[in-house]
Amino acid sequence: MFNFSGNEITAIVSVIVAFGIIVTASGHLAKIFQKIHLPLITGFIIIGILAGPYLLKMLPGNLNRLEFINDISLAFIAFASGTEIYLKEIRDKVKDIGIMTAVQLVVIFTVSFIIIYIFSDYIPFTANAGKNTKIAISLLISTIFIASSPASAIAVINELRAKGRFTKISLGVTVIKDIFVIILFAGTFAVAEVLISGNNFNFSEILVVFADLFFSILIGLVYGKILELNFKIVKTEYLDIAVVLLLGWSMFILSGFVTNITGSFLTIPIHLEALLIGIVASFYVTNYTEYRINLEKLTNRFGHYIYAAFFTLIGATLSVDILIKYWAVALLLFGIRIFSVFVASFTGSIILKESVKEKLTSWMPYITQAGISLGLITIISAHFVGFGVEFEAVMIAVIVINQFIGPPLMKFSIMKSGEAHLKSKDYKFDFHKDVFIIGLGGKAVLLAKTLKREGYSVKIISDRKDVDTSFCKEVELNLVEEINYDVLKKSGFESADSVVIIRNEDIAFEISEMIYEKFGTPNVIVVLETRGNIKRFKEFGVIVVAPTAALITLLEHFVRSPHATSILLGMQENQETEEIEVLADDVHGMYLKDLRFPIGVLVISITRNNQVMLPGGYTRIRKHDMVAVVGSQEQIDSVRTKLQF
């Protein structure tokens with residue numbers, strides 16, 4: 001199997017090196033397409049087309065030597081898809097997701113099959129084929145039409161910070177369909193083989209298909225156990241991803257080996273579905289082990305490189321001449337899929353008794369297609385030599401169109417559902433965090449400017465008329481005769497989230513008492529030059545800061561734990577700290593470990609009923625908890641979406 005001559009080894013190495021250089025360039029150049037609002041995978045495919053044997057000829061015409069890259073990438077995509085099926089996140093919508101998934105499987109498959117068969121005389125690779133071949137190809141295309149793209153859906157949902165029933169059902173259906181598409185594909189693929197070969201179909205072949213699926217699921221669980229054992233051994237992430245990719249590749253090698261062995265003594269050999277094995281394995285790790293985060297971290301960290309290699313290779317092997325020749329056919333098939341998805345989703349919405357608006361937009365989240373769909377196309381293309389090349393070119397064109405049209409449609413549907421939580425155009429000044437500073441001086445102005453840069457709405461209130469205010473031009477300053485309830489109320493004090501009081505101890509105490517009794521502002525900070533009698537402030541829940549003592553304590557923490565202290569103070573690049581109130585009903589009562597926060601986010605404390613807790617994985621989240629998190633602003637925004645919407 002691996003018996004190569006010296007010249008063949010040289011040729012293989014040359015192709016791999018050349019492809020590696022092209023993929024590296026593709027990873028950077030494809031980002032240009034994002035700037036013009038096109039999907040990243042579209043950029044990979046286009047760069048692959050340009051570098052391939054049909055245009056710039058940077059790669060040879062025969063790319064069969066790179067088939068192992070295709071197998072490894074498909075295995076990785078299967079692992080990534082399995083991690084998205086997280087049962088604890090869809091537990092409250094299992095029934096609705098199940099109904100919509102079942103309806104889409106049946107209706108899309110049936111409607112697509114009927115229409116494609118009717119139009120088969122106008123499709124180049126079926127026009128001159130016999131009846132059986134037309135039925136076989138219609139079955140295969142109808143199966144591919146069911147699949148959607150979880151990766152594209154997740155990207156849109158994260159961009160819109162979307163959360164709600166419509167979003168949860170859309171994502172759940174998109175992800176779960178992948179499993180059933182692969183199961184259905186095993187059946188339609190077997191039927192297509194029989195129809196195209198001209199052999200008679202018998203009951204034993206149905207049993208073999210079920211045996212294929214049973215053994216694939218069983219071996220998938222075994223691979224899940226192997227992944228679990230792998231993550232128990234502490235090692236670098238590069239060694240981790242190497243092991244995971246090798247395990248993925250071994251699934252395809254095992255599939256071929258089992259087919260060859262069983263073919264020697266069975267009339268119909270056992271064919272293991274490598275993609276199903278991968279999804280089942282990662283599903284097991286995600287839902288039944290403590291290593292969910294380990295696997296997610298790998299798929300997030302290295303996904304870009306794998307997708308770059310896979311989709312660039314897809315573009316390089318695409319028959320451009322056929323694509324140009326049959327672009328109208330691609331548009332026809334795209335239209336058939338749109339219609340089938342619409343009918344299926346509309347039917348599902350009727351069963352779920354959704355509103356008219358939801359019925360009319362329910363089809364829009366399911367148009368995107370990518371990894372699994374392309375994987376199935378490459379399998380069909382490699383197996384059915386007679387029509388494989390034309391089939392691949394036209395179907396990839398359909399998927400590219402879906403990737404152009406799908407994300408904007410999904411955005412539109414989520415916006416219409418009212419579940420998008422977009423940042424406003426003035427987002428950097430709209431954190432809904434209003435801070436009042438009572439007192440005037442260098443510290444007050446410097447604090448106001450710093451908070452303003454961080455996006456807070458800051459207002460300084462002072463009753464001191466003897467202070468030069470020329471240095472306060474960049475901040476909002478309200479000079480008053482005296483600080484009392486009426487003055488604060490007129491200044492909009494009810495909306496204050498935090499108050500900083502920079503006055504002497506007695507005046508600060510009087511103001512704190514008034515705020516406590518009249519406004520109940522949750523976060524009051526008093527700055528005192530000396531610590532004085534700070535105990536009396538505690539009955540109001542006031543935080544007292546004495547700059548000199550605070551500086552000594554801060555320096556002590558820097559000596560004892562320099563990295564942790566710098567993170568908490570926001571001194572690390574791209575690291576912010578923020579407290580977020582839990583408002584979402586669906587996270588109430590969940591363990592912290594079951595909330596899929598972005599990789600790299602650190603939860604440092606949870607405040608409940610004025611009691612600060614140091615959380616662990618089994619700490620339950622309660623509504624109105626204040627959760628302190630550290631991460632990039634983008635990560636914190638994602639956490640806020642999960643906890644509040």
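What are the residues in the stretch 598-645 that are in a helix (DSSP H, G or I) and either out of contact with any helix residue (DSSP H, G or I) (no Cβ under 7 Å at 6 or more places or on another chain) or open to solvent by 30 Å² or more (accessible area, probe 1.4 Å) (or both), if any?
633, 634, 635, 636, 637, 638, 639, 640, 641, 642, 644
Keeping to the stretch 383-398, report how many residues are among the hydrophobic types (A, V, I, L, M, F, W, C) and either open to solvent by less than 10 Å² (accessible area, probe 1.4 Å) or without any contact (Cβ under 8 Å) to a residue 12 or more places away in the chain (or both).
Residues meeting the conditions: 7.
Out of curiosity, is residue 301 of a type outside the set (Ser, Thr, Tyr), open to solvent by 60 Å² or more (accessible area, probe 1.4 Å) and within 30 Å of residue 593 (Cβ to Cβ)?
It is true that residue 301 is of a type outside the set (Ser, Thr, Tyr), open to solvent by 60 Å² or more (accessible area, probe 1.4 Å) and within 30 Å of residue 593 (Cβ to Cβ).
What residue, among those in the stretch 243-268 that are in contact (Cβ under 8 Å) with a residue 60 or more places away in the chain and over 35 Å from the mean Cα position of the chain (by Cα), is surrounded by the fewest Cβ atoms within 10 Å (Cβ to Cβ)?
That would be 267.
Among the listed residues 502, 515, which satisfies the condition of being touching a strand residue (DSSP E or B) at 6+ places or on another chain (Cβ under 7 Å) and under 23 Å from residue 626 (Cβ atoms)?
After ruling out the rest, the residue left standing is 515.
Taking the conditions exactly as written (modelled with pLDDT under 90 and more than 23 Å from residue 69 (Cα to Cα)), does residue 293 satisfy them or not?
yes
Counting only residues that are at pLDDT 80 or above, open to solvent by less than 50 Å² (accessible area, probe 1.4 Å) and not small (Gly, Ala, Ser), give me the helices (runs of 4 or more DSSP H) lying completely in the stretch 1-89 with at least 3 of them.
6-29, 40-51, 67-83
Just for the stretch 347-356: of the residues that are surrounded by 18 or more Cβ atoms within 10 Å (Cβ to Cβ) and part of a helix (DSSP H, G or I), which one is farthest from the chain's Cα centre (by Cα)?
Checked the stretch 347-356; the qualifying residue farthest from the chain's Cα centre (by Cα) is 347.
Which one of 206, 196, 233, 182 is closer than 19 Å to residue 77 by Cβ and either among the aromatic types (Phe, Trp, Tyr) or out of contact with any Gly (no Cβ under 6 Å at 6 or more places or on another chain) (or both)?
Being closer than 19 Å to residue 77 by Cβ and either among the aromatic types (Phe, Trp, Tyr) or out of contact with any Gly (no Cβ under 6 Å at 6 or more places or on another chain) (or both) holds for just one of 206, 196, 233, 182, which is 182.
So, in the stretch 468-489, of the ones that are closer than 15 Å to residue 435 by Cα and open to solvent by 90 Å² or more (accessible area, probe 1.4 Å), which residue ends up modelled with the highest pLDDT?
Filtering first and then ranking leaves 489.
Could you list all residues from the stretch 467-489 that are part of a helix (DSSP H, G or I) and not β-branched (Val, Ile, Thr)?
Within the stretch 467-489, 470, 471, 472, 485, 486, 488, 489 qualify.
Select from the stretch 78-107 the residues that are hydrophobic (A, V, I, L, M, F, W, C) and closer than 30 Å to residue 299 by Cα and list them in ascending order.
Across the stretch 78-107, the qualifying residues are 78, 79, 80, 85, 87, 90, 94, 97, 99, 100, 102, 105.
Being among the hydrophobic types (A, V, I, L, M, F, W, C), modelled with pLDDT of 80 or more and outside any helix (DSSP H, G or I) narrows it down to one of 313, 272, 276, so name that one.
272 is the lone residue from the list that is among the hydrophobic types (A, V, I, L, M, F, W, C), modelled with pLDDT of 80 or more and outside any helix (DSSP H, G or I).
In this structure, does residue 171 turn out to be open to solvent by less than 10 Å² (accessible area, probe 1.4 Å) and out of contact with any Asp or Glu (no Cβ under 6 Å at 6 or more places or on another chain)?
For residue 171, the condition - open to solvent by less than 10 Å² (accessible area, probe 1.4 Å) and out of contact with any Asp or Glu (no Cβ under 6 Å at 6 or more places or on another chain) - is not met.
Under the condition of being aliphatic (A, V, I, L, M) and open to solvent by 10 Å² or more (accessible area, probe 1.4 Å), which residue from the stretch 357-369 is farthest from residue 279 (Cα to Cα)?
Once the filter is applied, the top-ranked residue is 360.
Between 294, 287, which is buried (at least 17 other Cβ atoms within 10 Å of the Cβ) and touching a residue at least 60 places away in the same chain (Cβ under 8 Å)?
The unique qualifying residue is 294.
What residue, of 121, 96, 71, is among the acidic types (Asp, Glu) and within 22 Å of the chain's Cα centre (by Cα)?
96
The values are calculated or read from the model by the stated rules, or taken from the named source; none is laboratory data. Computed from a predicted structure; not experimentally measured. Here Cβ is always computed from backbone atoms with ideal geometry, including for glycine, and neighbour counts include all displayed protein chains. Remember, those area values only see protein heavy atoms, side chains included, never the ligands or the DNA or RNA. Shrake-Rupley method; radii C 1.70, N 1.55, O 1.52, S 1.80 Å.
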